[in-house]
Structures are given as structure tokens and as C-alpha cells.
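Working notes, beginning with the structure itself.
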Amino acid sequence: MSSERTTTDRVKVGDMAPDFTLPNQSGVMTSLKDFVGKKIIVLYFYPRDFSRGCTAEACAFRDSYEAFKEAGAEVVGISSQSAESHSRFASAYRLPFILLSDEGGRVRRLYGVPSTFGVIPGRVTYIIDKKGVVRHVFSSQFNATRHMEEALRILKTIQAEEGA
């Protein structure tokens, strides 16, 4: 499906999540397909390491990381900073999850993540089920910590469906 997408398309609920491969904060190449079939993925795009809102968002995910793990989910953050910047960010705030470096914004464009005021990279979270289907999309540039709350809420819904 990713080959059919244009840069103006936005990934929506019900779409297959486009696969990608990016370096993580340790420089290890990581693909979405590494998780599909194994875990639910909480994929969140954020504007910038160390900014106030992004730090609050990352720390909210960190503080609830055990709940995500218990729900069978993996948290993956993506921004355009380098793997080295992500390494410093993860170390400074003890982030236990994966941060991927999308220098140049290719994956951000692939997912159709909008920018705010045309200059600030957007803040969007995608919940992707084990089959690779996007189950929820949440976009809020200015309510950074709500991304974690929305993700946990949707994970509980998916768990209830799977348990039924």
C-alpha cells in the first residue's frame, strides 16, 4: 500500500500502516514490520527532542510505560532529530521506549502528518494493531500529554475486543 500513497495522503483509521525502516537512538535500524504480528504499536510523531511539550509527552509515555507493556503494546516515538540527539534525550529523561530518527521527514510525509502553522512538525499518535491496521489516530499539537491518555484508552478498547 505504501507505494500507492502520495505525500498528501494521510494515514487514516482502517488503513494498513505503511512500513518503514529508521535508525533508533542507538543507531540500530528498526522497522515497523519488526513489531507487526507481535505487539500493538503506539507510534507517535513529535516535533523536537528537549522542547517543553515534547519532553512532557515523552515523560507521560515513560511514566505509563508499564501499563503499555501490560497491554501488549510497544511505544515508538519519531522525530527528525538525529539518533545522537535521541540518545541524549532518552538518557536525560530515562525513556524506556524506542525513538526513531526521521531526518529529512520521509516517514512523517509517508504518514501525512501535518505541520502546524506550516513550520512546526505535527504531533500525531497512531495506534496500530497486531495485524498492522491503524485503529486510532489522535492529533493535538498543544495538548501533548493527552496523547498518552488517548493511547491507553484505545488499548483498553482493543484488549476488551480481543478478550470478547
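The values are calculated or read from the model by the stated rules, or taken from the named source; none is laboratory data. Only a predicted model underlies this, so the values are computations on that prediction, with no experimental measurement involved. Cβ sites come from the backbone with ideal geometry, for glycine too, and all protein chains shown count toward neighbours.
Any residue in segment 120-127 that is among the charged types (D, E, K, R), under 16 Å from ASP19 (Cα atoms) and touching a residue at least 12 places away in the same chain (Cβ under 8 Å)?
Here is the first cut: in segment 120-127, the ones among the charged types (D, E, K, R) are 123.
Pick out the ones that are also under 16 Å from ASP19 (Cα atoms) and you get none.
Taking every residue of segment 120-127 in turn, none turns out to be among the charged types (D, E, K, R), under 16 Å from ASP19 (Cα atoms) and touching a residue at least 12 places away in the same chain (Cβ under 8 Å).
Among the listed residues ARG106, ARG135, ARG52, ARG153, which satisfies the condition of being among the charged types (D, E, K, R), surrounded by fewer than 18 Cβ atoms within 10 Å (Cβ to Cβ) and under 21 Å from ASP19 (Cα atoms)?
On the way: ARG135 fails: surrounded by fewer than 18 Cβ atoms within 10 Å (Cβ to Cβ); ARG52 fails: under 21 Å from ASP19 (Cα atoms); ARG153 fails: under 21 Å from ASP19 (Cα atoms).
From the options ARG106, ARG135, ARG52, ARG153, the qualifying one is ARG106.
I'm trying to understand the selection: among the residues of segment 115-141, which are among the small types (Gly, Ala, Ser) and at pLDDT 95 or above? It would help to see each step written out before you state the result.
Here is the first cut: in segment 115-141, the residues among the small types (Gly, Ala, Ser) are 115, 118, 122, 132, 139-140.
Matches in segment 115-141: GLY132 only.
How many residues, within segment 92-108, are of a type in the set (Asp, Glu) and over 22 Å from ARG62 (Cβ atoms)? Don't jump to the end; show me each part of the working.
Taking segment 92-108 and keeping what is of a type in the set (Asp, Glu), we get 102-103.
Applying the additional criterion that residues be over 22 Å from ARG62 (Cβ atoms) yields 103.
Selection size over segment 92-108: 1.
Looking at SER80, SER64, SER101, which is the one that is over 22 Å from ASP129 (Cβ atoms), in contact with a helix residue (DSSP H, G or I) (Cβ under 6 Å, 6 or more places away or on another chain), in contact (Cβ under 8 Å) with a residue 40 or more places away in the chain and not hydrophobic (A, V, I, L, M, F, W, C)?
Details: SER80 fails: in contact with a helix residue (DSSP H, G or I) (Cβ under 6 Å, 6 or more places away or on another chain); SER64 fails: over 22 Å from ASP129 (Cβ atoms).
From the options SER80, SER64, SER101, the qualifying one is SER101.
Being surrounded by fewer than 16 Cβ atoms within 10 Å (Cβ to Cβ) and of a type in the set (Val, Ile, Thr) narrows it down to one residue among VAL36, VAL76, VAL13, VAL42; which is it? So that I can check it myself, show each step before the final result.
Working: VAL36 fails: surrounded by fewer than 16 Cβ atoms within 10 Å (Cβ to Cβ); VAL76 fails: surrounded by fewer than 16 Cβ atoms within 10 Å (Cβ to Cβ); VAL42 fails: surrounded by fewer than 16 Cβ atoms within 10 Å (Cβ to Cβ).
Selected residue: VAL13, the only one of VAL36, VAL76, VAL13, VAL42 that is surrounded by fewer than 16 Cβ atoms within 10 Å (Cβ to Cβ) and of a type in the set (Val, Ile, Thr).
Among the hydroxyl-bearing types (Ser, Thr, Tyr), without any contact (Cβ under 8 Å) to a residue 24 or more places away in the chain and farther than 16 Å from TYR46 by Cβ, is that true of SER91?
Working: among the hydroxyl-bearing types (Ser, Thr, Tyr): yes; without any contact (Cβ under 8 Å) to a residue 24 or more places away in the chain: yes; farther than 16 Å from TYR46 by Cβ: yes.
Taking the combined requirement at face value, the residue satisfies it.
For segment 115-164, how many residues are in a loop (DSSP other than H, G, I, E, B) and within 24 Å of CYS59 (Cβ to Cβ)? Show your work before the answer.
To start, the set of residues in segment 115-164 that are in a loop (DSSP other than H, G, I, E, B) comprises 117-119, 122-123, 129-132, 140-145, 164.
Filter once more, keeping what is within 24 Å of CYS59 (Cβ to Cβ): 122-123, 140-145.
Looking only at that region, the number is 8.
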